[in-house]
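The block underneath contains the structure these notes are about, expressed in structure tokens.
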Amino acid sequence: MATKVHVGMETEMNGNGVPETFKNNWKKRLIEFSGKMKRSPGWLWRTIWKVGREDPRRMIHAFKVGLSLTLVSLLYLMEPLFKGIGTNAIWAVMTVVVVLEFTAGATLCKGLNRGLGTVLAGSLAFLIEFIATKSGKAFRAVFIGAAVFLIGTTATYMRFFPYIKKNYDYGVVIFLLTFNLITVSSYRVENVLKIAHDRFYTIVIGCGICLFMSLLVFPIWSGEDLHNSTVGKLEGLAKSIEACVNEYFNDSELKENQEKSSEDPIYKGYKAVLDSKSTDETLALYASWEPRHSRHCYRFPWQQYVKVGAVLRQFGYTVVALHGCLLTEIQTPRSVRALFKDPCIRLAGEVTKALMELANSIRNRRHCSPGILSDHLHEALQDLNTAIKSQPRLFLGSNNNQANNMLALAAAHAARQNKPENDRHGVSLSSVKTDSSALMEWKTKRASEQAKENERKVLRPQLSKIAITSLEFSEALPFAAFASLLVEIVARLDNVIEEVEELGRIACYKEYNPEDDEIIVKCEKPPVDVAKNQLPTHASD
């Protein structure tokens with residue numbers, strides 16, 4: 001039987017009737033798959049190296065988790081321990097897996113939440129069991145069911161409270177789990193008290209191992225992470241502003257080369273600031289559980305770090321807008337930009353110096369330099385203002401009436417293009433009107449409406465482009481937007497300095513000393529409202 005081949009197909013068949021192209025595709029896929037398999041070991045090693053190089057503490061944490069699991073497994077592996085605890089040792093393993101987190105604050109938060117939830121649930125379950133035992137056999141089941149319903153409903157509803165959800169959500173979940181396990185099991189199991197004791201002991205053992213590893217073996221502090229991330233955000237903003245202004249006044253060849261790069265350094269600088277809200281709040285919660293690190297301070301103001309992060313995000317939005325000026329379609333000619341290059345670069349340099357000074361003050365836990373806003377910053381602002389005032393024709397435009405006339409001309413041009421098309425459709429509709437062509441008339445009318453709609457969609461962007469190119473806007477208008485955002489950055493810098501100084505006052509930073517030959521520590525007890533905000537807020541995962 002001959003193989004039927006459609007017209008236009010020129011696929012050769014092999015002896016088994018399989019298309020040759022199909023066979024070639026499978027060969028190509030196998031070759032690609034084998035190539036990926038050969039490259040996978042190198043890719044895996046590069047990924048492992050990259051992750052460890054970004055933060056070497058990740059490797060330390062991995063070893064700590066492995067060592068903790070090994071220690072807790074001894075409850076199974078050693079015969080005397082297994083005889084004393086039995087199969088309930090699995091709860092210790094589960095506790096280590098769930099509780100041991102990357103930072104000490106997160107481990108303390110989850111461990112103490114787990115312990116508190118277990119103790120409260122066990123105490124309440126034994127109380128329910130005691131009352132149910134004193135009642136009759138029939139009433140016992142009803143009482144246990146009602147208690148489970150009431151406690152489960154109440155505890156679940158309490159999870160929606162903002163304070164509970166923020167601080168004790170994990171503890172409430174453990175409370176519900178433990179309470180239901182003990183209460184329901186007590187109806188069928190006689191010696192439920194011993195089971196509860198064994199589980200409680202194993203959970204305590206697991207939590208103890210986790211706390212030992214987190215607090216004593218190469219501890220990783222959430223507070224230090226929050227502190228260092230704030231320093232990094234200030235430095236990133238400084239680098240973004242400097243790179244943005246330099247690129248704005250650089251040659252076009254440099255800009256094209258930078259666009260070809262894999263990652264924009266300007267975006268990289270402010271990205272961490274814009275994405276930091278949830279991270280800052282989480283680190284602040286975990287840091288509130290950690291022991292204090294200073295003898296001189298009343299308490300560490302982790303919530304003030306969150307406020308600094310909020311101010312930096314508001315500051316970062318202006319940097320984003322400044323970066324957007326580099327990517328707009330309408331740009332000021334470089335010959336015009338060159339007139340204002342020097343004051344803008346000096347202004348950006350002074351802002352960068354101020355941000356770096358703030359970063360260094362937080363890193364070294366000292367107050368800012370009194371001359372952080374130097375006279376050079378005000379001189380650069382005055383020079384920029386003088387340069388703009390010296391070029392009034394650039395910002396006022398040359399002829400406003402001509403711009404209006406050009407806009408009217410563009411609209412008339414679009415109307416002239418639209419009129420013949422309408423006349424043609426009108427003639428065609430009147431010329432074909434016969435008794436037997438009603439359907440044809442409807443179709444023609446429908447087609448004409450569709451053609452006009454399509455033409456309108458095409459003309460709309462054309463009209464906009466003609467109007468934009470014809471209007472004689474000031475050539476310096478795009479630069480005016482850039483300059484106004486640069487001045488706005490200077491204005492918002494005061495808010496950042498104010499919050500950083502407040503952080504230094506509450507955290508009792510040492511006084512600024514340019515020679516660093518004497519450290520002066522000035523520690524005053526914070527006001528009542530600030531102290532209230534800095535009380536440890538117990539967090540949950």
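Summary table below
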| read-out | value |
| --- | --- |
| Complete set of residues in the range 211-223 that are open to solvent by 30 Å² or more (accessible area, probe 1.4 Å) and touching a residue at least 12 places away in the same chain (Cβ under 8 Å) | Leu211, Leu215, Val217, Phe218, Pro219, Trp221 |
| Test: residue in the range 340-349 that is part of a helix (DSSP H, G or I), touching a residue at least 60 places away in the same chain (Cβ under 8 Å), within 18 Å of Ile489 (Cα to Cα) and open to solvent by 50 Å² or more (accessible area, probe 1.4 Å) | yes |
| Members of the range 79-98 found to be open to solvent by less than 10 Å² (accessible area, probe 1.4 Å) and either more than 30 Å from Asp55 (Cα to Cα) or not in a helix (DSSP H, G or I) (or both), listed by number | Ala89 |
| Condition met for Trp43 (closer than 25 Å to Glu101 by Cα and part of a helix (DSSP H, G or I)) | no |
| Members of the range 320-334 that are touching a residue at least 24 places away in the same chain (Cβ under 8 Å) and open to solvent by 30 Å² or more (accessible area, probe 1.4 Å) | Val320, Ala321, Thr328, Ile330, Gln331, Pro333, Arg334 |
| Members of the range 186-210 that are of a type in the set (Gly, Ala, Ser) and touching a residue at least 60 places away in the same chain (Cβ under 8 Å) | Ser186, Ala196, Gly206 |
| In the range 354-378, the residues that are farther than 15 Å from Asn228 by Cα and in contact (Cβ under 8 Å) with a residue 24 or more places away in the chain | Ala354, His367, Cys368, Ser369, Pro370, Ile372, Leu373, Ser374, His376, Leu377 |
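Yes or no, residue by residue, for (1) in contact with a Ser or Thr (Cβ under 9 Å, 6 or more places away or on another chain); (2) at pLDDT 55 or above:
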position: Ser222; (1), (2): yes, yes
position: Asp225; (1), (2): yes, yes
position: Gly232; (1), (2): no, yes
position: Glu235; (1), (2): no, yes
position: Asn246; (1), (2): no, yes
position: Asn250; (1), (2): no, yes
position: Glu253; (1), (2): no, no
position: Glu256; (1), (2): no, no
position: Lys260; (1), (2): no, no
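Let's see how each residue does on (1) among the aromatic types (Phe, Trp, Tyr); (2) out of contact with any helix residue (DSSP H, G or I) (no Cβ under 9 Å at 6 or more places or on another chain); (3) free of Cβ contacts under 8 Å to residues at least 40 places away in the same chain:
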| residue | (1), (2), (3) |
| --- | --- |
| Thr133 | no, no, yes |
| Ala147 | no, no, yes |
| Gly152 | no, no, yes |
| Asp169 | no, no, no |
| Phe175 | yes, no, no |
| Val184 | no, no, no |
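Each row is one residue, and each column tells you yes or no for (1) more than 27 Å from Glu488 (Cα to Cα); (2) in contact with an Asp or Glu (Cβ under 9 Å, 6 or more places away or on another chain).
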position: Gly208; (1), (2): yes, no
position: Phe212; (1), (2): yes, no
position: Leu216; (1), (2): yes, no
position: Ser222; (1), (2): yes, yes
position: Asp225; (1), (2): yes, no
position: Asn228; (1), (2): no, no
position: Gly232; (1), (2): no, no
position: Lys239; (1), (2): no, no
position: Tyr248; (1), (2): no, no
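The values are calculated or read from the model by the stated rules, or taken from the named source; none is laboratory data. Everything quoted here is computed from the prediction, not taken from an experiment. Methodologically, a virtual Cβ is constructed for each residue, glycine included, from the backbone with ideal geometry; neighbour enumeration extends over all protein chains shown. Heavy atoms of the whole protein, side chains included, go into the accessibility calculation; ligands, DNA and RNA do not. Shrake-Rupley method; radii C 1.70, N 1.55, O 1.52, S 1.80 Å.
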